[in-house]
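Participant: Following this message is one structure expressed as structure tokens.
The values are calculated or read from the model by the stated rules, or taken from the named source; none is laboratory data. Here the structure is a predicted model, which is why all the values come from computation and not from measurement. Neighbour counts run over all protein chains shown; Cβ positions are idealised from the backbone, glycine included. What goes into the accessible areas is simple: the full protein's heavy atoms, side chains included, and nothing from ligands, DNA or RNA. Shrake-Rupley method; radii C 1.70, N 1.55, O 1.52, S 1.80 Å.
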Amino acid sequence: MEYAQLVKISKRMSKALRHDPARIGITLDAAGWVPVAELLAALGIDRAALDEVVAGNDKQRFAVAVGEDGVERIRANQGHSVPVELGLEPADPPELLFHGTSAGSLASIQATGLNKGGRHHVHLSPDTGTARRVGARRGGAIVILTVLAGEMSRAGHAFYRSDNGVWLADEVPPQFIRA
Ligand code: HQG
């Protein structure tokens, strides 16, 4: 499949599995899973296309698993705005994590910290290259913030790591952020 087509299907899958399942007539279970067959029917794509998107995804956005009932299901690894319980266990973060964002947000972030907004968590990157790519999604000037994750964790804040390597926190108070 052509790259542009893969991205297009990946975006439709992300929208359905993270934000708006009802729009294509599917329902996610409490942990965010939906039978693969239902998603294929709802999106009008074939299995080979779905496999290519799941396997070739630059960020491993999706997970496929067979349940105890033998039914194969798919979910998004992170990024949801609909209520799902991913069942992530708290994990010890590296000493430093990074967050790429638009330069225009800096003053507000320094005043109130990083907030999760419409998502379930604040998303943090393990390296500056990833943070740069995240920040660049917004266009315009970007800043890479350093998060003192080790210090923040020792102060009692929980961190989680999604299956695709994104670090997650409920918030990052301003004292743990360096511009
Ligand atoms: C900003 C993509 C002002 C925050 C990426 C960000 C990531 C504040 C925006 C994942 C603020 C939220 C998440 C404050 C936070 N004042 N602005 N106090 N606190 N912000 O898209 O982290 O392709 O919800 O800096 O790769 O940019 O979807 O979060 O700019 O991993 O898989 O509010 O989305 O992954 O934007 O990106 P987002 P994000 P996927």
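Participant: Got at least one residue in the stretch 71-81 being of a type outside the set (Phe, Trp, Tyr), outside any loop (DSSP other than H, G, I, E, B) and away from the ligand (no atom under 16 Å from the Cβ)?
Facilitator: At the first step, the residues of the stretch 71-81 found to be of a type outside the set (Phe, Trp, Tyr) are 71-81.
Okay, now just the ones that are also outside any loop (DSSP other than H, G, I, E, B), so 72-76.
Imposing the further condition that a residue be away from the ligand (no atom under 16 Å from the Cβ) reduces the set to 72-73.
Yes, the conditions are met somewhere in the stretch 71-81.
Participant: Here is a check on your reading of the model: is Val54 more than 14 Å from the ligand (Cβ to nearest atom), over 23 Å from Glu171 (Cβ atoms) and β-branched (Val, Ile, Thr)? Give the steps one after another, and end with the answer.
Facilitator: Numbers: more than 14 Å from the ligand (Cβ to nearest atom): no; over 23 Å from Glu171 (Cβ atoms): yes; β-branched (Val, Ile, Thr): yes.
For Val54, the condition - more than 14 Å from the ligand (Cβ to nearest atom), over 23 Å from Glu171 (Cβ atoms) and β-branched (Val, Ile, Thr) - is not met.
Participant: Still on this structure, I have one more. Quick check: anything in the stretch 137-150 more than 14 Å from the ligand (Cβ to nearest atom), out of contact with any helix residue (DSSP H, G or I) (no Cβ under 7 Å at 6 or more places or on another chain) and hydrophobic (A, V, I, L, M, F, W, C)?
Facilitator: yes
Participant: Could you tell me which residue of the stretch 89-133 is nearest to the ligand (Cβ to nearest atom), considering only residues that are part of a loop (DSSP other than H, G, I, E, B) and among the charged types (D, E, K, R)?
Facilitator: So, considering only residues that are part of a loop (DSSP other than H, G, I, E, B) and among the charged types (D, E, K, R), the one nearest to the ligand (Cβ to nearest atom) is Arg119.
Participant: With the condition kept exactly as written, say whether any residue in the stretch 156-174 is closer than 22 Å to Ala63 by Cα, crowded, with 19+ Cβ neighbours inside 10 Å and polar (S, T, N, Q).
Facilitator: Scanning the stretch 156-174 turns up at least one residue that is closer than 22 Å to Ala63 by Cα, crowded, with 19+ Cβ neighbours inside 10 Å and polar (S, T, N, Q).
Participant: When the residues of the stretch 73-93 are filtered to those that are surrounded by 14 or more Cβ atoms within 10 Å (Cβ to Cβ) and more than 13 Å from the chain's Cα centre (by Cα), which remaining residue is nearest to Val166 (Cα to Cα)? Walk me through how you get there before you give the answer.
Facilitator: Our first condition is that a residue be surrounded by 14 or more Cβ atoms within 10 Å (Cβ to Cβ); within the stretch 73-93, this holds for 73-80, 82, 84, 86, 88, 93.
Within this subset, residues satisfying the condition of being more than 13 Å from the chain's Cα centre (by Cα) are 73-74, 93.
Details: Arg73: 22, Ile74: 19, Pro93: 11 Å.
By that ranking, first place goes to Pro93.
Participant: Would you please list the contacts, defined by Cβ atoms under 9 Å and residues six or more apart or on different chains, that run from a residue in the stretch 45-67 that is closer than 13 Å to Gln5 by Cβ and open to solvent by 50 Å² or more (accessible area, probe 1.4 Å) to a residue that is within 16 Å of the ligand (Cβ to nearest atom) and in a helix (DSSP H, G or I)?
Facilitator: Close Cβ pairs (under 9 Å, with a partner that is within 16 Å of the ligand (Cβ to nearest atom) and in a helix (DSSP H, G or I)) amount to Glu52/Leu6; Glu52/Ile9; Gly56/Tyr3; Gly56/Leu6; Gly56/Ser10.
Participant: Next question, about the same structure. Under 8 Å between Cβ atoms, at least 6 apart or on separate chains: pull out the pairs that start in the stretch 97-121 with a residue that is under 16 Å from Ile142 (Cα atoms) and aromatic (Phe, Trp, Tyr) and end on any residue that is more than 6 Å from the ligand (Cβ to nearest atom) and in a helix (DSSP H, G or I).
Facilitator: Pairs found: Phe98/Thr128; Phe98/Thr130; Phe98/Ala131.
Participant: Within the stretch 16-39, track down each residue that is in contact with a Pro (Cβ under 9 Å, 6 or more places away or on another chain) and open to solvent by 20 Å² or more (accessible area, probe 1.4 Å).
Facilitator: If the condition is that a residue be in contact with a Pro (Cβ under 9 Å, 6 or more places away or on another chain) and open to solvent by 20 Å² or more (accessible area, probe 1.4 Å), then Thr27, Leu28, Ala30 are the ones that fit.
Participant: Only residues that are free of Cβ contacts under 8 Å to residues at least 12 places away in the same chain and more than 20 Å from the chain's Cα centre (by Cα): list them for the stretch 24-42, please.
Facilitator: Leu40, Ala41
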